[in-house]
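Any read-out appearing in this document is the output of simple, stated calculations on the displayed coordinates, not a laboratory observation. Being a predicted model, the structure only gives us computed values, none of them experimental. Note that each Cβ is placed from the backbone with ideal geometry, even for glycine, and that neighbours are counted across all protein chains shown.
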Amino acid sequence: MALVRILVDGYSLLHNWPGLAPGQPRHSARARDELIFVLTRYHDATGEPITVFFDGAGAPLHVPANESGGAVEVLFSRAGQTADEMIERAAHRFQDYGEVLVVTDDHAERDTVSGMGGMTSSCANFIRTIENALTELQDELRNYNRTERNRFNRPQKNKSQ
């Protein structure tokens, strides 16, 4: 079966990626925005749909509402609900459509998802996957641009000769 969606525990990934939004608190809007930006770039490179879940219970009033429709769907849990519960429910619901990849460093969460037949990844492994995909995309763009520049900089042959 094909991978139908990547489900990301947003704060778990943020806590394991200190190079992302350096100097910003891990629960800050700036850190979340930077993570969503990088995940969007990853989606652009791979085409894989992504949903990122954040624990929203007890969050400040300025925490955005859930966002969907973009390349990366962003969901916040409500009071009395955790991001882990939302991830488990989504993994269960998607299993009829194909494989789901859950990204978290919560071992209990990974065991639960694996028990349902889903795939899991540690945050460190997924960070390497993202970095490799973005590096590969950058290399492809650089090669494409070089080819296009060379194509337009070649001297044109005179057709009458």
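Some notes on this structure:
- For the chain, the Kirkwood estimate of hydrodynamic radius, built from reciprocal distances between every pair of different alpha carbons, is 17.5 Å.
- Loop-located trypsin sites (Lys or Arg not before Pro) across the range 71-108 with a Cβ neighbour count of 16 or fewer within 10 Å are Arg78, with loop assigned by DSSP.
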